[in-house]
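The values are calculated or read from the model by the stated rules, or taken from the named source; none is laboratory data. Everything numeric in this text was worked out from a predicted model, so none of it was measured. All Cβ positions, glycine included, derive from the backbone under ideal geometry; neighbour counts span all protein chains shown.
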């Protein structure tokens, strides 16, 4: 995992710089700067809108008693998309916009969920109170006190003269 992150941070910035320089050679530096700024502005507006929709869906799922797992995943992908769109570059902007489009985000979410679930293991432990592993009861009943109960007839006036056992 650490190697993948290192490769990502080592490869993406030079690749972004190369793509921006190629675009500047083809379309001109002014057009390239305009594209970078406009994708950041449009992306931030779209990210805000999609983020609010994800938040409303999250609250709706909770209100109806459903587990909001898809809504949480959508919210995280929108946050990641916003970060990508604020990073100058063509490749990061493309991935960011793909994460902001609900249709493509659904497919990306399915892929991520299947990949994560394949890498997870589920373990469970069952605890039963009062039974040892053989199934026999392990509750010790030898300390049970069986006695009759008599309510105290204390009044607030004479409460200070009696101890806990009702003796003077």
| said: One residue is enough: does the range 28-51 have a residue meeting the conditions assigned to a helix (DSSP H, G or I), without any contact (Cβ under 8 Å) to a residue 60 or more places away in the chain and under 20 Å from residue 111 (Cβ atoms)? | reply: yes
| Which numbered condition residue 127 misses (of (1) assigned to a helix (DSSP H, G or I); (2) at pLDDT below 90) | (1)
| message | Within the range 54-70, does at least one residue satisfy the condition of being touching a residue at least 40 places away in the same chain (Cβ under 8 Å) and either in contact with a helix residue (DSSP H, G or I) (Cβ under 7 Å, 6 or more places away or on another chain) or surrounded by 12 or more Cβ atoms within 10 Å (Cβ to Cβ) (or both)? | response | no
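Do the conditions hold for residue 147, that is, is it modelled with pLDDT of 75 or more, out of contact with any helix residue (DSSP H, G or I) (no Cβ under 7 Å at 6 or more places or on another chain), farther than 30 Å from residue 19 by Cβ and loosely packed, with under 10 Cβ neighbours inside 10 Å?
Considered against the rule, which asks whether it is modelled with pLDDT of 75 or more, out of contact with any helix residue (DSSP H, G or I) (no Cβ under 7 Å at 6 or more places or on another chain), farther than 30 Å from residue 19 by Cβ and loosely packed, with under 10 Cβ neighbours inside 10 Å, residue 147 comes out as no.
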| query | Do the conditions hold for residue 107, that is, is it surrounded by fewer than 10 Cβ atoms within 10 Å (Cβ to Cβ), within 30 Å of residue 52 (Cβ to Cβ) and modelled with pLDDT of 85 or more? | reply | no
